[in-house]
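A.B. asks: Sharing a structure, written as structure tokens. Questions coming.
A short reminder: the numbers here are calculations on the coordinates, not readings from a lab. These figures come from a predicted structure and were not determined experimentally. Cβ coordinates were reconstructed from backbone atoms using ideal geometry, including for glycine residues, and neighbour counts include every protein chain displayed.
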Amino acid sequence: MKKAFAVARWEYMEKIRSKIFLVGLLLTPTIMIAMGLLPGIFAQREQQTPRFIGLIDQTGQFVIPISDRLQSFYVLDNGQPAYFILPLAVGGGIDLEKEMADANRRIAEDRLIGYCVIPSSVLVDSVVHYRTSVVGDFRIPARVEEAIQQVIALRRAELMGISPSVMERLDVRLKVATIKVSSEGEEGRSSFEKVFFSAYVFLMMLFFLIATSGQLLVRSVIAEKSNRIIEILVSSCSPTELMAGKVIGLSALGLTQVGFWVVMGVVASTQFGMELIDAGDALLMTVYFILGYLLYSAIFIAAGSPLTTEQEAQQVTSYLVLILVVPIMLAIPAMQSPDALWLRVLTYVPPLTPTMMALRIPIQTPPAWEIGLTILLLLFTIYGAMVTAGRIFRIAILSTGKTPGFKEILQWARLG
């Protein structure tokens, strides 16, 4: 192993001194934090100017109550109401088509953000139409809907002989605090943000680490093959020692990145009073992180060794990294249904096992037998992948000219 460690040391020192690595060390967590926090910050940020909402009310009963409710609940930082209700047409006998055409023209001229049409039958069928040019801002229709619902409830209460003051007292704004119960029956405060952020950070760290170090591994082999340095290297050490050294060196480089990011995360959490992930969950996720990284290292070696050009390397590594996009897309459904059959099935697909378990652990920690089984599955898969990658690597590093086909690579894997 002396020669393998010598290769590992060279790979590690060569890459860690590069300016690109040092820039990425700071830039990657900045991008991760921006991707995780900025959308939520902008989504929660209120508008800075009042919005004007038109109202076509065929009942003649909704203009003032809706305006009062919106202006009492939603206020800008400067104390102004966030919404102003403009009565476009009130009462029965109005020309609805003409009024709607006029309202549509006002929206086109940016004089209204939107308008509601409240038909005379609203107290019976509870159907209201909201038209707007900004369909992406779901907060406005949701707030208008809530205000109209409350007014309808009060009107129906009056028709049933119930005092409006009684209805006001029955209007409860409930806040539910989520408490996670572990498999041992212990309680711990949790929240969607904490669960989602911990799983999201794991996925993004693994994604960035594999995307960067995997490409470094493949390009390193291609560069050495194209410069004929590989022949000198294998004259001094065996292909197995060379492959092991590259994996160890780049793994150490990746762990250096992750360790630096974790320290930054702990410092930031301490400074801003953010809740950290539970220690037990963090330990389990670390185990899956390391196993997942080793598995993908073997896959990258097996896929990248036969390649001869940078273009081929970029294309192949892009396809491999796409596997990690799958859990990112499934993050929300997985959190909503942690016991779903499809999630359990994907857990036992080795390339997805680390990421699927990372999604499940913060939400609802799987039973011990399932954790042990998936770890054993990963260990056996890593061993098989490393052996296969070593066989392909031994032959592929000295092959030149035309890129071998899939059948030829399979033959190398069996006979190497």
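A.B. asks: Quick one: P(r) of the range 51-164 from all Cα-Cα pairs, 10 Å bins, percents rounded to integers, in order of increasing distance.
C.D. replies: Percent of Cα pairs in each bin: 14, 46, 33, 8, 0.
A.B. asks: Sorting Phe138, Phe52 on the 10 Å Cβ count, fewest up front, what's the list?
C.D. replies: Fewest-to-most ranking of Phe138, Phe52: Phe138, Phe52.
A.B. asks: Report the FRET efficiency, 1/(1 + (r/R0)^6), for Asp102 and Ala331, where r is their Cβ-Cβ distance and R0 is 41 Å, rounded to 0.05.
C.D. replies: 0.35
A.B. asks: Any of Lys2/Lys246; Lys2/Lys225; Lys3/Lys246 with alpha carbons more than 20 Å apart? Name them for me.
C.D. replies: Lys2/Lys225
A.B. asks: Once both labels are modelled 7 Å past Cα along the beta-carbon direction, what's the Ile16-Leu379 spacing in nm?
C.D. replies: Taking the two extended label points, one gets 2.9 nm.
A.B. asks: Further question: Exposure proxy check: Glu158, Glu99 ranked by fewest other beta carbons within 10 Å?
C.D. replies: Ascending Cβ contact count within 10 Å gives the list Glu158, Glu99.
A.B. asks: Sort Lys246, Lys3, Lys407 by Cβ crowding within 10 Å, fewest neighbours at the top.
C.D. replies: Final ranking by Cβ density, sparse to dense: Lys407, Lys3, Lys246.
A.B. asks: How much FRET efficiency would the formula 1/(1 + (r/R0)^6) give for Glu158 and Val75, where r is the Cβ-Cβ distance and R0 is 35 Å, rounded to 0.05?
C.D. replies: E(calc), rounded to 0.05, equals 0.80.
A.B. asks: Now a separate question. With r as the distance between the Cβ atoms of Ser133 and Ile94 and R0 = 25 Å, compute the FRET efficiency 1/(1 + (r/R0)^6) and round to 0.05.
C.D. replies: The computed FRET efficiency comes out at 0.65.
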